[in-house]
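Have a look at the structure below, then the notes.
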Amino acid sequence: MSRSTNEAHLPGLRQPAAANDGLDAPFWEGTRVHELRVQRCKECGLHQWGPEWMCHTCNSFELDWVAVEPTGKIYSWQRPHHPVHNALSDRGPYIIVLVELPHADDIRMVGNLLGDPSQDIEIGAPVSVVFEDREGDPDFTLVQWEVT
Amino acid sequence: MNDDYNLRGKVAVVGVGETTYYKHGQSPDPEFVLVLKAILAACEDAGISPKEIDGFCSYSNDRNDPPRLANALGIPELRYSNMQWTSGGGGAAAAVQNASGAIMAGSANVVVAYRGLAQGQFGRFGRSGGSRPVSGAAAYTLPYGMMSAAQMYAMRTTRFMHEHGVGRGAMRAIAMACYHHAQNNPRAVMHGKTLDAETYDSSRWITEPYRLFDCCLENDGAAAMIITRTDRAKDLAKPAALVLGAQQSGGHRSGATAENATDYVTSSFKPAVKHLYEQAGITATDIDVVQSYENFTGGVVMSLIEHGLCTYENADEVLTFDNLRADGGKLPLNTSGGNLAECYMHGLGLQIEAVRQVRGESCNQIPDVKVALANAGPMVAVASTALYGTEETA
């Protein structure tokens with residue numbers, strides 16, 4: 001359902017950190033143990049993403065973090081060619097996908113689509129998570145995707 | 001709409017002005033000086049003393065704050081200051097809306113809506129560096145190489161093209177129309193630089209589905225608009241462009257992070273347009289000329305559809321170069337060259353061009369303009385849109 005790698009897809013970019021109010025710390029902690037944790041409301045049961053302190057459906061503050069199946073389908077994509085960061089200057093094209101999680105109320109997540117950067121990309125194609133373990137300060141893990 | 005609570009025709013733009021528009025990093029002046037020069041130019045155009053300004057409206061976290069501007073200009077009473085919270089240039093028409101609201105409320109008499117950008121002094125939008133960790137919304141995109149404006153809005157266009165089958169042709173036609181109009185505009189950064197279909201088609205990808213010419217420029221300069229009561233406007237230098245309506249909107253969760261807006265394939269104008277046309281008492285067919293904010297051409301296609309100027313089904317047939325050009329087109333678009341070819345002044349130039357069309361002063365004048373549209377923002381969390389007309393229209 002998912003796998004992990006130590007290979008950095010886009011090395012040299014700024015690393016993620018949990019928000020200083022603690023809002024999304026459970027998400028980033030989850031990636032370290034290769035779980036895809038998202039918010040779910042204890043009151044109405046709906047998943048939501050990105051994280052917020054309140055359930056946008058029923059306005060409850062009682063939000064839980066639950067591990068969801070690390071799969072989805074491609075909702076949209078882009079293929080950057082122009083380097084937008086110094087670390088990408090000699091990188092060449094790469095693929096960013098927006099992945100929809102139908103089993104978690106259709107929340108969407110952004111990541112890279114691994115594999116051949118020139119591959120044809122099909123909206124609706126099934127994808128699964130590749131947890132990308134990276135050394136940093138502190139170490140961190142990104143959520144990447146590959147076609148299943 | 002209750003007339004007591006409708007600004008339609010009661011507020012007018014009486015002066016517009018801008019500095020020289022420069023390529024990014026080329027301004028010899030600091031950004032603050034650019035803003036002062038634009039305000040003076042707009043006051044001169046209006047035939048009004050800068051000392052009469054008592055309100056300031058801007059957007060996009062403009063760095064040139066009203067207390068400093070009022071201090072520099074020697075304004076005796078600073079009665080009103082306003083910052084529109086929204087992404088990018090989505091607040092350009094909202095600045096006019098907020099200025100109009102202040103005048104209607106009796107909070108100020110003469111309000112300037114303004115925007116300044118000096119990217120040489122403060123850095124560019126399209127490229128970044130840095131190594132510090134990122135948190136919050138940026139943490140879900142930036143480590144994956146998604147950080148520029150083009151990247152923020154590319155996937156909406158991919159999905160739009162997928163869902164509605166709208167093709168490359170409309171995007172190409174929009175870019176070509178902007179460059180075509182810039183050729184008659186001596187202010188335009190791209191004056192003297194034409195764009196044909198082959199050049200567009202062979203231009204490099206910035207991020208698929210956007211080619212180079214789908215993307216707005218990055219520029220230095222400043223622009224300003226003077227707004228006051230319509231009854232005051234009668235005594236001033238130029239014919240007034242009356243504000244027929246001005247609205248802003250974001251739909252359900254339009255500000256959701258990590259691309260989770262409920263309605264993803266939208267320019268964010270759907271609620272605003274409904275209220276705009278009701279406020280102004282017009283329909284899309286009454287609009288004579290359109291200034292539609294181009295951050296990226298794909299967003300313009302969505303904007304024109306959501307303003308009722310074409311449909312999802314006929315966008316490819318309506319949005320052709322021949323239809324979009326001022327000289328003979330049925331739907332003249334971005335007649336100054338817009339953000340693609342006049343200047344990227346975060347869309348305030350598009351508002352100014354709508355005013356010039358109403359006055360009959362455009363470099364690509366449409367005959368007998370009664371209603372001009374200028375919107376701002378597409379695809380951002382909060383977009384804004386305004387209608388201007390002659391006294392006869394109001």
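Determine if region B:107-127 includes at least one residue that is away from chain A (no Cβ under 14 Å), modelled with pLDDT of 95 or more, buried (at least 23 other Cβ atoms within 10 Å of the Cβ) and touching a Lys or Arg at 6+ places or on another chain (Cβ under 6 Å). Taking every residue of region B:107-127 in turn, at least one turns out to be away from chain A (no Cβ under 14 Å), modelled with pLDDT of 95 or more, buried (at least 23 other Cβ atoms within 10 Å of the Cβ) and touching a Lys or Arg at 6+ places or on another chain (Cβ under 6 Å). Each residue in region B:142-177 was checked for being more than 14 Å from chain A (Cβ to nearest Cβ) and basic (K, R), and 2 pass. Would you mind listing the helices (runs of 4 or more DSSP H) fully within region B:52-123 where at least 3 residues are under 29 Å from B:H275 (Cα atoms) and in contact with a Phe, Trp or Tyr (Cβ under 8 Å, 6 or more places away or on another chain)? Per the criteria, B:92-104. Contact map, region A:63-85: first residue at the interface with chain B (Cβ under 10 Å from one of its Cβ atoms) and over 23 Å from A:M1 (Cα atoms), second residue part of a strand (DSSP E or B) and at pLDDT below 95, Cβ cut-off under 7 Å, separation 6 or more or different chains; pairs are A:V84/B:S128; A:H85/B:S128. For region A:9-25, check the following and say yes or no: at least one residue is surrounded by fewer than 19 Cβ atoms within 10 Å (Cβ to Cβ) and more than 13 Å from every other protein chain (Cβ to nearest Cβ). The answer is no, given that none of the residues of region A:9-25 is surrounded by fewer than 19 Cβ atoms within 10 Å (Cβ to Cβ) and more than 13 Å from every other protein chain (Cβ to nearest Cβ).
Screening region A:95-148 for strands (runs of 3 or more DSSP E) wholly inside it with 1 or more residues that are surrounded by fewer than 21 Cβ atoms within 10 Å (Cβ to Cβ) and touching a residue at least 60 places away in the same chain (Cβ under 8 Å) returns the ranges A:126-134, A:140-147. Exactly one residue among B:T207, B:T257 is within 14 Å of chain A (Cβ to nearest Cβ), in contact (Cβ under 8 Å) with a residue 12 or more places away in the chain and part of a strand (DSSP E or B), and that residue is B:T207.
Any idea how many residues of region A:30-53 are under 27 Å from A:D133 (Cα atoms), outside any loop (DSSP other than H, G, I, E, B) and either hydrophobic (A, V, I, L, M, F, W, C) or within 13 Å of chain B (Cβ to nearest Cβ) (or both)? If you could, list the steps in order and put the result at the bottom.
Taking region A:30-53 as the starting set, the residues that turn out to be under 27 Å from A:D133 (Cα atoms) are A:30-40, A:47-52.
Still in the list and also outside any loop (DSSP other than H, G, I, E, B): A:30-32, A:36-40, A:47-48.
After this cut, where a residue has to be either hydrophobic (A, V, I, L, M, F, W, C) or within 13 Å of chain B (Cβ to nearest Cβ) (or both) as well, the list is A:31, A:36, A:38-39, A:47-48.
Total meeting the criteria: 6.
Quick check on my filter: what residues within region B:303-332 are more than 15 Å from the chain's Cα centre (by Cα) and in a helix (DSSP H, G or I)? Of everything in region B:303-332, those that are more than 15 Å from the chain's Cα centre (by Cα) and in a helix (DSSP H, G or I) turn out to be B:I305, B:E306, B:A315, B:D316, B:E317, B:V318, B:F321, B:D322, B:N323, B:L324.
Inclusion of A:H56 among residues that are in contact with a Ser or Thr (Cβ under 7 Å, 6 or more places away or on another chain) and either among the basic types (K, R) or over 29 Å from A:S4 (Cβ atoms) (or both) is not warranted.
The values are calculated or read from the model by the stated rules, or taken from the named source; none is laboratory data. In this text, all values refer to a predicted model and were calculated from it rather than measured experimentally. Note that we place each Cβ from the backbone using ideal geometry, even for glycine, and neighbour counts take in every protein chain shown.
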